[in-house]
1. Given the structure, is residue 67 of a type outside the set (A, V, I, L, M), buried (at least 20 other Cβ atoms within 10 Å of the Cβ) and either touching a residue at least 60 places away in the same chain (Cβ under 8 Å) or not assigned by TED's automatic domain parsing to the domain that holds residue 54 (or both)?
2. Can you tell me which residue is surrounded by the most Cβ atoms within 10 Å (Cβ to Cβ) among those in the stretch 157-166 that are in contact (Cβ under 8 Å) with a residue 60 or more places away in the chain and assigned to a loop (DSSP other than H, G, I, E, B)?
3. Filter the stretch 19-33 down to residues that are part of a helix (DSSP H, G or I) and free of Cβ contacts under 8 Å to residues at least 60 places away in the same chain and give me whichever is surrounded by the most Cβ atoms within 10 Å (Cβ to Cβ).
4. State whether one or more residues within the stretch 1-11 are outside the structural domain of residue 135 (by TED's automatic domain parsing), β-branched (Val, Ile, Thr), surrounded by 12 or more Cβ atoms within 10 Å (Cβ to Cβ) and farther than 19 Å from residue 173 by Cα.
5. Given the structure, is residue 100 loosely packed, with under 13 Cβ neighbours inside 10 Å, of a type in the set (Lys, Arg) and part of a helix (DSSP H, G or I)?
6. Here are the criteria: (1) of a type outside the set (A, V, I, L, M, F, W, C); (2) modelled with pLDDT of 95 or more; (3) surrounded by fewer than 18 Cβ atoms within 10 Å (Cβ to Cβ). Tell me which single one residue 77 does not satisfy.
7. Kindly indicate whether residue 89 is of a type outside the set (A, V, I, L, M) and closer than 23 Å to residue 135 by Cβ.
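The values are calculated or read from the model by the stated rules, or taken from the named source; none is laboratory data. Please read these numbers as outputs of a predicted model, since none were measured by experiment. Because the Cβ atoms are built from the backbone with ideal geometry, glycine has one as well, and the counts that use them run over all protein chains shown.
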Amino acid sequence: MSTTNRLAGYRERRDGFFRDHENSPLTGEQKEGFSGLRYFPENPELSLTLAIDESGPGVGETIQVGTLSGEAKEYIRAGRINFEADGAPVTLTVFKDTERGRYFMPFRDGTAGEETYAVGRYLDPKARPDGTLVVDFNLAYNPYCAYNTGWTCPIPPFENITKVPIRAGEMDPGLLPHDE
């Protein structure tokens, strides 16, 4: 299956979850008018396989990441990735969830507040057998807090804020009303 077909299938499943699933972050009212999430066009240049630098300061440390609800969530700083976006170098930290051990990368880029959710977006890099990570920004997604209050959503830490725009993945939901 081609990358384009895989991405289209992923987006279709995600839209279906938001529209139909009982655990969707959308309210019943939001589901009624829901016609699908907004996405950037596929950007093959931001579908990357990268080495993770596990050598820098703080790697392996457990850190507290703040959330929109005021609670803190623990993550392990797994390492850093380096790549180019929009012609500029970018370094972001990859974390590991302390409960499930999955890679997690909350980030805020130069599109935040304009084209994407102001607080930031998330990405779940996948480990490959050779030790590299698949980091496909076309799969970047909004936290549930982008749709409604009441969710505990980690805020991207300072080390994962870049002014460089990363135009891939989900865009700001924009037209979806938030609960007040």
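1. Working: of a type outside the set (A, V, I, L, M): yes; buried (at least 20 other Cβ atoms within 10 Å of the Cβ): no; either touching a residue at least 60 places away in the same chain (Cβ under 8 Å) or not assigned by TED's automatic domain parsing to the domain that holds residue 54 (or both): yes.
Spelling it out, it is not the case that residue 67 is of a type outside the set (A, V, I, L, M), buried (at least 20 other Cβ atoms within 10 Å of the Cβ) and either touching a residue at least 60 places away in the same chain (Cβ under 8 Å) or not assigned by TED's automatic domain parsing to the domain that holds residue 54 (or both).
2. Step one: of the stretch 157-166, the residues in contact (Cβ under 8 Å) with a residue 60 or more places away in the chain are 157, 159-160, 162, 164-166.
Narrowing further to those that are assigned to a loop (DSSP other than H, G, I, E, B): 157, 162, 164-166.
Working: 157: 19, 162: 19, 164: 15, 165: 16, 166: 26.
This residue is 166.
3. Taking the stretch 19-33 first, the residues part of a helix (DSSP H, G or I) are 19-20, 28-32.
Applying the additional criterion that residues be free of Cβ contacts under 8 Å to residues at least 60 places away in the same chain yields 19-20, 28, 31-32.
Values: 19: 16, 20: 11, 28: 7, 31: 13, 32: 9.
Step by step, filter the stretch 19-33, then rank; the result is 19.
4. Taking the stretch 1-11 and keeping what is outside the structural domain of residue 135 (by TED's automatic domain parsing), we get 1-11.
Imposing the further condition that a residue be β-branched (Val, Ile, Thr) reduces the set to 3-4.
From what's left, surrounded by 12 or more Cβ atoms within 10 Å (Cβ to Cβ): 3.
If we keep only those that are farther than 19 Å from residue 173 by Cα as well, we get 3.
So far as the stretch 1-11 goes, yes, one or more of its residues are outside the structural domain of residue 135 (by TED's automatic domain parsing), β-branched (Val, Ile, Thr), surrounded by 12 or more Cβ atoms within 10 Å (Cβ to Cβ) and farther than 19 Å from residue 173 by Cα.
5. Working: loosely packed, with under 13 Cβ neighbours inside 10 Å: yes; of a type in the set (Lys, Arg): yes; part of a helix (DSSP H, G or I): no.
It is false that residue 100 is loosely packed, with under 13 Cβ neighbours inside 10 Å, of a type in the set (Lys, Arg) and part of a helix (DSSP H, G or I).
6. The number of the failed condition is (3).
7. On the way: of a type outside the set (A, V, I, L, M): yes; closer than 23 Å to residue 135 by Cβ: yes.
It is true that residue 89 is of a type outside the set (A, V, I, L, M) and closer than 23 Å to residue 135 by Cβ.
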